[in-house]
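Bear in mind these aren't lab numbers, they're just calculated from the coordinates by the rules spelled out. Here the structure is a predicted model, which is why all the values come from computation and not from measurement. We place every Cβ from the backbone using ideal geometry, glycine too, and count neighbours over all the protein chains shown.
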Amino acid sequence: MHDLQSWLARLEQLHPTEIELGLARVSAVAHALDVQVPARRVITVAGTNGKGSCVRSMEALLLAGNHSVGAYSSPHLLRFNERVRIGGEEVSDAALIEAFEAVEQARGETSLTYFEFTTLAAFWLFKRADVEFALLEVGLGGRLDAVNLVDADITIITSVAVDHEAWLGSDREVIGREKAGILRAGKTFVCADPQPPASVVDIASKLGCDSYYVGHEFSLQGNHYRFDAKPELVLGLPALQLPPPSVAAAITALALAGELPGADQVCEVLENLRMPGRCQALQWQGQNLVLDVGHNPAAAEYLASWLARNPVTGRTLALVAAMADKDLAGLIAPLKEAVDHWYPALLPDNPRAAGEDQLLAGLAAGGVPVQQVNTPCMAVSSQLQRAAAALAAGDRLLVFGSFFTVAEVLQLTQEPT
């Protein structure tokens, strides 16, 4: 195969299930590839929300300090290449194909999921590039995720909330135990969850981790960051576009690694740091849009706080399309006071997406009055046009509910070049 899309289509068919947690198969292939140590220093990030923002923050800060960096995150929005970056740049199709060919040769008869295969490809690229730092975002959970085959020098948990219950469990203690599976005995651990589950604290203690918890060893109040361990550090930060707990965890991890750039550089980097799909503001056809991939109650609570901190003179309309297995009422409820009118939308080509009945039931259970809901439900493309036509001067349209929703709207709103 000579093109990336053909490879990706094939990878989707290699394994009988989309997800199969466990490290035995992927570890065996990693040994054959010799990628168990993909970089000289490794930082692994787990968490329900905020993982990608933490990785992006560390990446930008390390690049500002002239370090060589490989970053691996998922999922992508528009291009698979977004998942693997070296030196701050997405890797090319040709490089990915070369990596896929290497994994294919190494795996022999071993069956790998799409995520396992692509994770190994990223590790192969990082090792070949001899990057100083590999920043690895866990795909799902932690303990049994393919990323966890690597022993990280520093581990970070950004947050623990209920999501992916079918795979991780339905309470924070169980989910926390899964995420704490990335911790390693005697290594550094940074926790950005202000109320970490007891399971996380207990595992960190039993492993003898050098642990740092937000609200204890470090804090971020307003724009004031403080690290109270040695060496003590105080920073005045600019207004942040990414979730503050994730940024605080990134600063703390790099301070502990001894690689945080100077205060002026930190401020300059963070002031300009943006991430597609995370409270992303854009203009389309003269209208104000805000795109956010948030798809669980905790993400919706953060989104509501961001909207409150960034008010508009007019109304806020919302286009929401989500997966059927999500807590739809919990996704809606935190935003009901921030949104004036709702446009529930469908993703007809996605078998996991919620249908009209589920969306309307979620809106009702989330406390949205029926007169604020614009029906009938339509596909995202149709609802986008419908909602945009209703916008007046000073209004904005919020688009959220899933990566698929934001990805489709980004494609629809891209201006021709």
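Database remark: amide H of residue 399 closer than 5 angstrom to the amide H of 290, 291, 292, 319 (H placed geometrically; neighbours at sequence offset of 5 or more, or on other chains; Pro and chain starts carry no H). With R₀ set to 22 Å, the beta-carbon distance separating residue 264 from residue 305 gives a calculated FRET efficiency near 0.20.
A simple spin-label model places the labels of residue 315 and residue 205 5.3 nm from each other, with each point 7 Å out along Cα-to-Cβ. Helix 356-365 axis versus longest C-alpha principal axis of the chain: approximately 90°, rounded to the nearest ten. Build a GNM of the chain with springs between Cα atoms under 10 Å apart, and of 181, 47, 141 the one that fluctuates most is 181. Label zone of residue 373 (point 7 Å out along Cα→Cβ, amide N under 13 Å): in region 324-358 this covers 328-330, 332-333, 342-345, 355-358.
Distance between the modelled labels on residue 217 and residue 128, one decimal in nanometres: 3.7 nm (7 Å Cα→Cβ projection). Length gained on full extension, residue 173 to residue 111, computed as 0.36 nm times the residue gap minus the Cα-Cα distance: 19.2 nm. Were the residues from residue 337 through residue 68 laid out at 0.36 nm apart, the gain over their Cα-Cα distance would be 92.4 nm.
This model, with +1 at the C-beta of Lys and Arg and -1 at the C-beta of Asp and Glu, gives region 4-271 a dipole about its Cα centre of some 340 debye. Computed from Cα positions, the angle between helix 297-309 and the longest principal axis of the chain comes to roughly 70 degrees.
222 nm [θ] for the chain, helices only, -39500 (n - 2.57) per DSSP H run of 4+, per residue, to 500? Value at 222 nm, helices only, nearest 500: -11000 deg cm²/dmol. Which one, 72, 14, 61, projects farthest toward the positive side of the charge dipole computed for the chain from Cβ point charges (K/R +1, D/E -1)? Value: 61. For region 280-413, a simple Cβ point-charge model (Lys and Arg +1, Asp and Glu -1, everything else neutral) yields a dipole of about 260 debye relative to the Cα centre.
Using a Gaussian network model of the chain in which every pair of alpha carbons under 10 angstrom is joined by a spring, one finds that among 367, 314, 294 the greatest mean-square fluctuation is at 314. Within the listed set 136, 397, 78, the residue fluctuating most in the Gaussian network model of the chain (springs between alpha-carbon atoms under 10 angstrom) is 78. Once Rg and Dmax of the Cα atoms in Å is calculated for the structure shown, the corresponding label among (1) 21.2, 66; (2) 21.2, 60; (3) 21.9, 77 turns out to be (2).
By other beta-carbon atoms within 10 Å, ranking 381, 159 with the fewest at the front produces 381, 159. Each label point was placed 7 Å from the Cα along the Cα-to-Cβ direction; for residue 185 and residue 37 their separation is 1.8 nm.
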